[in-house]
Structure formats: C-alpha cells, structure tokens
Amino acid sequence: MKLSFEYKGTTINYNLMYKKTAAISININAQGQVSVTAPLGTSVETVRDKVKGNAPWIINELDEQHCKKNKNSLLDRYTYLGKTYKVEVIENKKTNKVTVKLVKGKFVIETYTDDQKELREALFIWYKDKVTAKIKERIKIYNKWFEHLPVEIITNNDKSILLQIKNNKLYVSLVVGMLPINIIDYVLVSILCNLNYPEKHKENIKKLKEILPKYQEDKEWLDKNKAHLVL
C-alpha cells in the first residue's frame, strides 16, 4: 500500500506492508525507498503517526544517502535550526558570484554558474556565517553563568564532533546549524560546563541541570538524531 504525508514542506512517500510481527518497523533501502512493516490489524492512522514521529530521521537519512552518492551535488533541501527548507536555484548571468538567502520558507541561491560544487561551497559559507552568529548570540545569553568563556569561535565541517574546546578556542561544526535551538543550547552549555569544571563530573552535571532543567530530554534527542545530521 503506497501512502504519503507532508512534513514541513517535504512529501514523504512510503510503502506499507502488513505481516505477523510484534511492532511497526521503518526501513530505507539503498535506492531511498521507505518501507513500513506493521502488525496485522494495525490501523493506517496508527502507522502514519508512527512514521510522522520518525520524519526528521527519515529526511536526514534520505539526505545522507543522496550526499553519499555525490558529495559535491547540491541537495534539494537543507535543514536549518530544526526546520527543513527546499532549495531554489536562480540563474543570474549579470553577477560573478553565488549568493545564498533564506527567504519565504526556502533557500534561494542566485548564481552565474551551475557548478554543483561551487553552489554547495556557497551554502557552506552561508552556514558558517549563521552558525558563528548564532553561537555568539547564545553565549551572550548564558555567559552570566560562567567565569571562563572561549576567546574565539572557529567553524569546521567535522561531522563527528559538534563542539570542542582546544586552547580556549571553541570549534563548532557546521552541522550545529541544523539543530533546533534547544539542542544548540544543550551542546553549548554542556561544553561551557566542561570548560569551567574540567574533570569535575558532579559539578558539571549540577550546573547543567541548574541552567537547563530539561537537558536530559535534549540529550536523548541528540543521541537519537546525531548520526543522521548531514550537510
């Protein structure tokens, strides 16, 4: 049974099958096809709710597959601050540069070239500027809680480590720009706690809980979704 639904402007198509199984399972094959297996007698509405609950993972998994196929190709959608936006490319032969803007619910790339690698690099520059500005903004909100703060913010494209402090410099992955604000706050406050209370786990957790009482929920979200964050 072929079904679909809209999630934040993105259409997710999936094929529903019923079998003698204990729980609903979702799988994505190498071709990017989403299949859902549900126990016999499960309502279509129950299955749809389950799939919708996993929509962020599905979208990121499809993006990751697309990116692996051609890491220099521009994707047709990107996530910023927890929301996914489609990409519109506008040709402009009167300019000699590529500009990126987020307007009217979509990424608009104005370009003189169709070189996919150059378009992606322009998008990465956009993320770099936005991520740097957003981290500075959030540090201003939380700086009253800490004696020591990083002296410099450096962005990189490291997908394995979201934030890291070395020699009092804060290294931030561009992937951070994909996270919802509450998750950005969690990873930022966590790293600031580590900076101010190195090797003091109890003080570290106490301060984290004091600043973000619901940090455990954010931690669980990040543990579940981090591997699927792909730019």
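In terms of overall dimensions, segment 1-109 has a Cα radius of gyration and Dmax of 17.3, 61 angstrom.
Under a Cβ-only charge scheme (Lys and Arg +1, Asp and Glu -1), can you give me the dipole magnitude of the chain about the Cα centre, in debye to the nearest 20? Numbers along the way, then the final one.
Details: 40 positive and 27 negative charges, 34 e Å.
The calculated dipole for the chain is roughly 160 debye.
Among the listed pairs LYS144/LYS207; LYS83/LYS214; LYS8/LYS83; LYS50/LYS224; LYS2/LYS83; LYS159/LYS224, those with a Cα-Cα distance over 19 Å are LYS83/LYS214; LYS2/LYS83.
Its alpha carbons give segment 94-207 an Rg and a Dmax of 16.9, 59 Å. Taking the charge dipole of the chain about its Cα centre, with +1 at Lys and Arg Cβ atoms and -1 at Asp and Glu Cβ atoms, the residue from ILE183, ASN92, ASN15 reaching farthest to the positive side is ILE183. With springs only between Cα atoms under 10 Å apart, run a GNM on the chain and tell me which of ALA133, ALA122, ALA30 wobbles the most. Between ALA133, ALA122, ALA30, it is ALA30 that shows the largest mean-square fluctuation.
Taking 30 Å as R0, compute the FRET efficiency from the Cβ-Cβ separation of VAL87 and GLU210 and round it to 0.05.
Working: r = 41 Å, r/R0 = 1.36.
Result of the calculation: an efficiency of 0.15.
Stokes-Einstein, applied to the Kirkwood radius of segment 1-54 over Cα pairs at a viscosity of 0.692 mPa s and 37 °C, places its translational diffusion at 287 µm² s⁻¹.
Restriction of the GluC sites (Glu not before Pro) in segment 102-158 to DSSP coil positions whose beta-carbon has at most 14 other beta-carbons within 10 angstrom yields GLU147.
With all distinct Cα pairs included, what does the Kirkwood hydrodynamic radius of segment 87-161 come out to in Å, to one decimal, could you say? Let's see the in-between values first.
Working: mean 1/r = 0.0683 Å⁻¹.
Evaluated on segment 87-161, it is 14.6 Å.
Computed from phi, the 3J(HN,Hα) profile of segment 52-62 under the Karplus parametrisation 6.51, -1.76, 1.60 (θ = phi - 60°) reads 4, x, 9, 4, x, 5, 4, 4, 5, 5, 5 Hz, with x in place of Gly and Pro. Dividing the Cα radius of gyration of the chain by 2.2 N^0.38 Å, with N the residue count, gives 1.17.
Largest accessible area first, the listed residues SER190, SER25 line up as SER25, SER190 when surface is computed with a 1.4 Å probe on the assembled protein chains.
Of all beta bridges that DSSP places with both ends in segment 98-231, some 65 percent have antiparallel geometry. A 1.4 Å probe run over the protein chains yields, for the chain, 57 Å² of accessible area per residue, whole-number rounding. The region of the chain that goes longest without hitting one of the trypsin sites (Lys or Arg not before Pro) in a DSSP loop, each with at most 13 other Cβ atoms within 10 Å, is 105-199.
Here the chain has 49 percent of its accessible surface on carbon and sulfur atoms, given a 1.4 Å probe and all protein chains in place.
The values are calculated or read from the model by the stated rules, or taken from the named source; none is laboratory data. Not measured: the values here are computed from a predicted model. Every residue, glycine among them, receives a Cβ derived from its backbone with ideal geometry; neighbour counts consider all protein chains shown. Areas reflect the complete protein model, heavy atoms only, side chains present, ligands, DNA and RNA absent. Shrake-Rupley method; radii C 1.70, N 1.55, O 1.52, S 1.80 Å.
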